[in-house]
Amino acid sequence: MSTTTNASEIAVPFADLHAQYLTIKPQIDAAIAEVIRTSAFVRGPFVERFEYEFAQLVGASHCVSCGNGTDSLYIAMKALGVKSGDEVIAPAHSWISTSETITQAGAKVVFCDTENDTYTLDPARLEALITPRTVGIVPVHLYGQPADMDSIIATAQRHKLWVIEDCAQAHLATYKGRRVGSFGIAASYSFYPGKNLGAMGDAGALTTPDAALARRMAMFARHGGLKKGDHAIEGINSRMDGLQAAVLSAKLPRLAAWTARRQQVAQTYRQLLSDIEGLTLPVVAADREHVWHLYVVRHEQRDALARHLAARGVQTTVNYPVALPFLPAYSRFDHKPGDFPVAHHHQSRVLSLPLFPEITAEQINTVRGALESFAL
Ligand SMILES: *Cc1c(COP(=O)(O)O)cnc(C)c1O
């Protein structure tokens, strides 16, 4: 996010969490007060209620909450038995949680290049990456657009691999009319404040159709046991706290409307920005419902454009400036740009424009004006 210090100069913030809070202040304040009144701070009734409500909302049979959307990926892999010597495939273009948790679970991360239009894992490149050591695939529904799940699942089934969907940016998105999160053995969600459904701190969850896996994930997240004194295995401490659960339950009934508003803003951007030269607008693949966590355009002079927008009070961000294989964290693999040509091409061109449910028509016009004046 931009580091502009004088808030009065920001005409269009990248996101506006406070504006969202104001639309639902009485419900949130009451929810927080109730958690404080009952001291149900860690797990407890508010967390159980949210797990139930979230499972209902996304149509999952089991929901296991945890501390954040990075732990959730790690917990799922540990519960699936990932171990040293295993290989797990992840897209080359994502947030580092997707790949760092594979390493932390003990496996080797194998990157797969992404599709030019959708920024999601390119299924055509999967087959060549699979070895006898491959155990699973972690597709990411990046920016809010579902990955090509039919092709990914077909390849996974052919090779008997599990699939964990990283849904951190894609709450309620659909692929061929079916909710993301319902394709793999598990789905990982983040409720980081800036996500489409955001807490007021860190929070995360997993969903799964598999009762035994849900149990193993819950055990691992809670010190390896579901009851005190009952530690069947060693686990970790990754729990959702009551305040976050109560805030999320208060926000959850609004998620569908907020998502519809994001979609409306994206449509307005498409209409207003399609004639701006040099700007590549997002493409939504057929049969996929995008939930617009991020509105990402491409431009050959991305950095100059971002500075031009910042000077006009329009905050932007880059998700992500260095594709995963090229991060210092992965220098051990010695990857070359040609190994992941699409992700490498994108890293210097992608730019995320402001998009949040409360953005006003005037702010959208300010974004258009600022973009247009750069093109001139
Ligand atoms: C935000 C995010 C995560 C991690 O979520 P946290 O709750 O911040 O740990 C994982 N994967 C992707 C793609 C994300 O965008």
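The values are calculated or read from the model by the stated rules, or taken from the named source; none is laboratory data. Every value quoted in this text rests on a predicted model; they were computed, and no experiment measured them. Quick reminder, even Gly has a Cβ in these numbers, built from the backbone with ideal geometry, and neighbours come from all protein chains shown. Calculation scope for accessible area: heavy atoms of the full protein, side chains included, ligands and nucleic acids excluded. Shrake-Rupley method; radii C 1.70, N 1.55, O 1.52, S 1.80 Å.
Below, the figures for the structure above:
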{"read-out": "Residue in region 254-267 that is in contact with a helix residue (DSSP H, G or I) (Cβ under 8 Å, 6 or more places away or on another chain), of a type in the set (S, T, Y) and either surrounded by 16 or more Cβ atoms within 10 Å (Cβ to Cβ) or in a helix (DSSP H, G or I) (or both) present", "value": "no"}
{"read-out": "Of residues in region 160-200 being at positive phi and surrounded by fewer than 19 Cβ atoms within 10 Å (Cβ to Cβ), the one farthest from the ligand (Cβ to nearest atom)", "value": "K160"}
{"read-out": "Check on P321, in contact with a strand residue (DSSP E or B) (Cβ under 6 Å, 6 or more places away or on another chain) and either in contact (Cβ under 8 Å) with a residue 12 or more places away in the chain or not in a helix (DSSP H, G or I) (or both)", "value": "no"}
{"read-out": "Tally of residues being touching a strand residue (DSSP E or B) at 6+ places or on another chain (Cβ under 9 Å), away from the ligand (no atom under 15 Å from the Cβ) and assigned to a helix (DSSP H, G or I) across region 129-156", "value": "7"}
{"read-out": "Top-ranked residue in region 201-213 [being farther than 12 Å from F50 by Cβ and open to solvent by less than 10 Å² (accessible area, probe 1.4 Å); ranked as farthest from the ligand (Cβ to nearest atom)]", "value": "L213"}
{"read-out": "Sole exception among (1) open to solvent by 50 Å² or more (accessible area, probe 1.4 Å); (2) in a helix (DSSP H, G or I) for S84, by number", "value": "(2)"}
{"read-out": "Residue in region 297-304 that is under 18 Å from the mean Cα position of the chain (by Cα) and either loosely packed, with under 14 Cβ neighbours inside 10 Å or at pLDDT 95 or above (or both) present", "value": "yes"}
{"read-out": "Residues of region 168-205 classified as without any contact (Cβ under 8 Å) to a residue 40 or more places away in the chain and assigned to a strand (DSSP E or B), total", "value": "1"}
{"read-out": "Subset of region 114-129 [in contact (Cβ under 8 Å) with a residue 40 or more places away in the chain and open to solvent by less than 30 Å² (accessible area, probe 1.4 Å)]", "value": "T114, T118, Y119, D122"}
